[in-house]
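Chemist: Can you read through this structure? Questions will come right after.
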Amino acid sequence: MKIATYNVNGVNGRLDVLLRWLRDASPDIACLQELKAPDAKFPVKEIESAGYGAIWHGQKSWNGVAILARGREPILTRKGLPGDPDIHSRYIEAAVEGMVIGCLYLPNGNPSPGPKYDYKLEWFKRLTMHAADMLKLGVPVVLAGDYNVIPTELDVYKPERWVDDALFRVEVRDAYRKLIRQGWTDALRELNPDERIYTFWDYFRNAYGRDAGLRLDHLLLSPSVAKRLQSAGVDRHVRGWEHTSDHAPVWIELTEN
C-alpha cells in the first residue's frame, strides 16, 4: 500500500500537476494540503475521473485539506482537532483500508515571535493531545501532512539562516520531538537516518536548482503501522515540473496487513 502527502499550493490552479502526479505515482491514499479553495470549489469531478474518492475541508483563501483514496470513498471521522474552533480548515481525518488517516496543515507561525507564532504552538498542543488519545485506542494511524517544522539541522540547507524562523525555532522543534516521543515513527527519517532529504524548495533564488531545501512534510506512523513500513521517498522531480507547487510529494510503502 502506498500513502502520500502533498502540499499542492492551490488545488485548482495546479490541478493538471496534481492529476499528472496521481496518474504517474498511483498512491492508494493521498493527503493534500493548502487547497486554497472553498468546499464548493473543490474539483471533485476531476478527482473522481482520476479514479479517486475524496473528502475535503476547504477554505476560501489559504489552507484547506483533503484525503483521496483510490477506488473507494474515505469514511470521514473528524473535521478539525478537539478544542479547535477550526476556522482555518487545517485538519481532516478518515478511516481508509482499516487505518485512521489524519491529514494536517500546521500553521506557518511567521513572523515569530508574535500572535501567529503563539497560534502555531497552541495548535501543535492540540495535535499532540489528539495524537496521544489515538495511540491509547491502539488503532493503526498515519498522521500525514505539511507540519511546517524543520525537525533537525539535517533537514535544512544552511540551518544558520533559519534559527529565528518559526519553522525552526527551538520551541517548535521541541514540540515535534515531544510528539514523536509518544511512540510515533517519522517514516522518511526512519529509513534515511543520515541523509539530507528535502520536501520544499522556495520559488526564489533558484532554490530547487541549488537543492537549497527544507524537510517540512512528514508521515508519522503509529507502532502497528510502523511495523509494516517497507520504503519511503520524495517525488523530487515533481517540484521541477512547470507551474508546480513549492513542495514535492512524500510517500511511504507499507506491506499488506
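Chemist: What are the pairs with Cβ atoms under 6 angstrom where one residue, in the stretch 18-47, is closer than 17 Å to Lys2 by Cβ and among the acidic types (Asp, Glu) and the other, located anywhere, is at pLDDT 95 or above and assigned to a loop (DSSP other than H, G, I, E, B)? Sequence gap at least six, or different chains.
Modeler: Going by the 6 Å Cβ cut-off, the qualifying pairs are Asp28/Met1.
Chemist: To continue, here is another question. Test of understanding: among Arg78, Arg70, Arg90, which residue is at pLDDT 95 or above, charged (D, E, K, R) and in contact with a Gly (Cβ under 7 Å, 6 or more places away or on another chain)? Full working, then the answer.
Modeler: On the way: Arg78 fails: in contact with a Gly (Cβ under 7 Å, 6 or more places away or on another chain); Arg90 fails: in contact with a Gly (Cβ under 7 Å, 6 or more places away or on another chain).
From the options Arg78, Arg70, Arg90, the qualifying one is Arg70.
Chemist: Would the stretch 237-249 turn up any residue that is closer than 12 Å to Glu190 by Cβ and not hydroxyl-bearing (Ser, Thr, Tyr)?
Modeler: Residues of the stretch 237-249 closer than 12 Å to Glu190 by Cβ: none.
No, the stretch 237-249 has no match at all.
Chemist: Those residues that are in contact with a His (Cβ under 8 Å, 6 or more places away or on another chain) and at positive phi, I need them from the stretch 168-213; list them, please.
Modeler: Passing the criteria: none in range.
Chemist: Okay, next question. For the stretch 163-178, give me each residue that is more than 17 Å from Tyr119 (Cα to Cα) and either touching a residue at least 40 places away in the same chain (Cβ under 8 Å) or within 17 Å of the chain's Cα centre (by Cα) (or both).
Modeler: Going through the stretch 163-178, the residues more than 17 Å from Tyr119 (Cα to Cα) turn out to be 163, 177-178.
Within the stretch 163-178, Arg177, Lys178 qualify.
Chemist: Which of the residues spanning the stretch 1-39 are among the small types (Gly, Ala, Ser) and either closer than 21 Å to Val96 by Cα or part of a strand (DSSP E or B) (or both)? Spell out the reasoning first.
Modeler: Quick first cut of the stretch 1-39, residues among the small types (Gly, Ala, Ser) only: 4, 10, 13, 25-26, 30, 37.
Ala4, Ala25, Ser26, Ala30 - these are the residues of the stretch 1-39 that are among the small types (Gly, Ala, Ser) and either closer than 21 Å to Val96 by Cα or part of a strand (DSSP E or B) (or both).
Chemist: Would you mind stating whether Ala166 is crowded, with 19+ Cβ neighbours inside 10 Å, in contact with a helix residue (DSSP H, G or I) (Cβ under 8 Å, 6 or more places away or on another chain) and modelled with pLDDT of 95 or more?
Modeler: Working: crowded, with 19+ Cβ neighbours inside 10 Å: yes; in contact with a helix residue (DSSP H, G or I) (Cβ under 8 Å, 6 or more places away or on another chain): yes; modelled with pLDDT of 95 or more: yes.
Yes; evaluated as a whole, the condition is true for this residue.
Chemist: May I pose another question? State whether the residues of the stretch 88-107 include one that is among the charged types (D, E, K, R), assigned to a loop (DSSP other than H, G, I, E, B) and either more than 30 Å from Lys125 (Cα to Cα) or touching a residue at least 40 places away in the same chain (Cβ under 8 Å) (or both). Write out each step before concluding.
Modeler: First pass over the stretch 88-107, keeping only residues among the charged types (D, E, K, R): 90, 93, 97.
This time we only want the ones that are assigned to a loop (DSSP other than H, G, I, E, B), so: 90, 97.
Then drop every residue that is not either more than 30 Å from Lys125 (Cα to Cα) or touching a residue at least 40 places away in the same chain (Cβ under 8 Å) (or both), which leaves 97.
For the stretch 88-107, residues among the charged types (D, E, K, R), assigned to a loop (DSSP other than H, G, I, E, B) and either more than 30 Å from Lys125 (Cα to Cα) or touching a residue at least 40 places away in the same chain (Cβ under 8 Å) (or both): present.
Chemist: I'm trying to understand the selection: among the residues of the stretch 40-84, which are in a loop (DSSP other than H, G, I, E, B), aromatic (Phe, Trp, Tyr) and in contact with a strand residue (DSSP E or B) (Cβ under 6 Å, 6 or more places away or on another chain)?
Modeler: Just the residues of the stretch 40-84 that are in a loop (DSSP other than H, G, I, E, B), to begin with: 42-43, 50-51, 58-64, 71-74, 80-84.
Now drop any that are not aromatic (Phe, Trp, Tyr), which leaves 42, 62.
Passing the criteria: only Phe42.
The values are calculated or read from the model by the stated rules, or taken from the named source; none is laboratory data. These numbers come from a predicted model, not from an experiment. No Cβ is skipped: glycine too gets one built from the backbone with ideal geometry, and neighbour counts run over all protein chains shown.
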